[in-house]
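Just below is one structure, and these are the notes that go with it.
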Amino acid sequence: MSKILAIADIHLHDYPQRNSFQFQRLYQGSRIVAQNIIEVGKREGADYIAICGDLIEKSIIRPYVMAEAYNFLHTIMSEFKEGWIIWGNHDIDAKSSDQVMTDSCLALFLPPNLKYMHQQQIELEGKKIGFNNWQPEFNLEWVKGELDMLFTHARICYKEDSDLYQSQY
């Protein structure tokens, strides 16, 4: 049976206030983390990857951050047979439940073997797998039948009054 490596919350960004030198955190996130993901995928024998949201820190990003996000995705996907991506709350500009691929700047440069999968399902080796972006209101009405696995992005909230979108309730 094939293996899927699931990743989330990379949060690519410059973080200038935390850098010891220019672009330190951005290059750590985009270059070192990409190599670590590839290494884990190879070590564990994963042919597939699911990128489950918050690849970037902000939905509107500077061109040099966008270039690093592009390189990150293309570097990773050169080592996996196929991958799927969904948007997290940091990736997506629209904070409503009506979401489309172009709500994230990441849609501009997905590698050919990385598919955007919001509210879609696939069958892989007899297993039904579903994908769902972060949404302010979680619903599974789009699911046909039963899923064996669901990849989504949820914002964890430990206090009801601090979750603006009530994403966990």
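The values are calculated or read from the model by the stated rules, or taken from the named source; none is laboratory data. Keep in mind that what you see is a predicted model, and the values were worked out from it rather than measured. No Cβ is skipped: glycine too gets one built from the backbone with ideal geometry, and neighbour counts run over all protein chains shown. Remember, those area values only see protein heavy atoms, side chains included, never the ligands or the DNA or RNA. Shrake-Rupley method; radii C 1.70, N 1.55, O 1.52, S 1.80 Å.
Which one, Gln35, Gln99, Gln17, has the greatest fluctuation when you compute a Gaussian network model over the chain with C-alpha springs under 10 angstrom? Checking each option, the largest mean-square fluctuation is seen for Gln17. Excluding Phe131 itself, what net charge comes from residues whose Cβ is under 14 Å from its Cβ, given Lys and Arg +1 and Asp and Glu -1? Every neighbour counted, the sum reads 0. For the chain, carbon and sulfur atoms together expose 50% of the accessible surface, with a 1.4 angstrom probe and every protein chain in place.
Please work out the FRET efficiency for the pair Ser97 and Leu150, using the Cβ-Cβ distance as r and a Förster radius of 22 Å; give the result to the nearest 0.05.
0.85
What's the whole-number percent of alpha carbon pairs in the stretch 14-94 lying beyond 16 angstrom? Here the long-distance tail beyond 16 Å is 55 percent of all Cα pairs in the stretch 14-94. Most simply put, the chain has about 20% antiparallel DSSP beta bridges, counting only bridges with both residues inside it.
Rounded to the nearest 0.05, what FRET efficiency is calculated for Glu141 and Val40 with R0 set to 30 Å and r the Cβ-Cβ distance?
0.30
Computed packing ranks the peptides 55-61, 81-87, 20-26 as 81-87, 55-61, 20-26, most packed first, by mean other Cβ atoms within 10 Å.
Entry for the chain at q = 0.09, 0.18 Å⁻¹: log10 I(q)/I(0) = -0.31, -1.20, Debye formula applied to identical alpha-carbon scatterers, no solvent contribution. Rg over Rh for the stretch 53-117 works out to 0.95, using Cα positions for both radii and the Kirkwood form for Rh. Can you tell me the dipole magnitude for the chain around its Cα centre, using point charges on the Cβ only (Lys, Arg +1; Asp, Glu -1), in Debye to the nearest 20? It comes to approximately 500 debye.
Based on protein heavy atoms only, the stretch 1-144 ends up with 51 Å² per residue of surface accessible to a 1.4 Å probe. Here the stretch 1-83 is assigned +1 on the Cβ of each Lys and Arg and -1 on the Cβ of each Asp and Glu. Its dipole about the Cα centre then comes out at about 160 debye.
For Lys42, a cut-off of 19 angstrom between C-alpha atoms picks up these lysines, skipping any fewer than 8 places away in its own chain: Lys3, Lys81. Comparing Cα centroids, the stretch 19-33 and the stretch 57-98 end up 17 angstrom apart.
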